[in-house]
Amino acid sequence: VLHDERPIFLVGFMGSGKSAVGRRLAERLGWGFVDTDALVEREEGRSIERIFRESGEGSFREAEWHVLRGLEGARRVVVATGGGLFLGVLQRHMMKRLGRTVWLDVSLSTARARTENGEGRPLWERGDSTAMRVFFEKRRAAYAMADVRLDASRGLPDAVVIQILTKLGEHLR
Ligand code: S3P
């Protein structure tokens, strides 16, 4: 039982482990787990890759925003967010108002290794381009506005879960 039962939002770059860690955290807490990417795909009835290709990024961001607003009032749920969701000012404030935000910080090389060069992720550029590095660093500045940050580059999901609970000042009872 945690002291604060509002949602825990996991934010961070593609490949930071939000889904894997989120599932494990939810399991350990006995809470629900949702993934905003999966909710968008379900609502739209098509894959993220198709949404981007057929309707453009703006349309995907709209759907994501809609999904986030649907979490108003939710309790006892861990939310893995798409890597771009925390970048919008409204979106960021919404998450902070609805619950607690946790940044899973990883290096670009870890992110790259975990995403197998962008399979199914339209915003991922292949290779080690300077553009990708700039994109990555810009995003880090936004993720830094999360309530807590932790290094999620190494260790199994379980170790990251322990770090999250410690940083949130919670422990499993
Ligand atoms: C995106 C990240 C993806 C997905 C979409 C856009 C982003 O989610 O929402 O491809 O802008 O970083 P993951 O962070 O789960 O890969």
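Only the coordinates and a few stated rules stand behind these numbers; no lab work does. Everything quoted here is computed from the prediction, not taken from an experiment. Glycine also receives a Cβ, built like all others from the backbone with ideal geometry; neighbour counts cover every protein chain displayed.
Tabulated results
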read-out	value
In segment 77-134, trypsin sites (Lys or Arg not before Pro) in a DSSP loop with at most 11 other beta-carbon atoms within 10 Å	Arg126
Magnitude of the charge dipole, the chain, Cβ model with Lys/Arg +1 and Asp/Glu -1, debye to 20	420
Extension gain (nm, one decimal) between Ser47 and Val134, 0.36 nm per residue minus Cα-Cα	28.6 nm
Of the GluC sites (Glu not before Pro) in segment 1-77, those whose Cβ has at most 16 other Cβ within 10 Å and which sit in DSSP loop	Glu5, Glu72
Reachable aspartates and glutamates from Lys138, criterion Cα separation under 12 angstrom, eight or more residues apart if same chain	none
Potential extension, Ala159-Arg114 segment - 0.36 nm per residue separation minus Cα distance	14.5 nm
Added length on full extension, which subtracts the Cα-Cα distance from 0.36 nm per residue, His3 to Arg76	25.2 nm
Of the GluC sites (Glu not before Pro) in segment 106-173, those whose Cβ has at most 14 other Cβ within 10 Å and which sit in DSSP loop	Glu119, Glu125
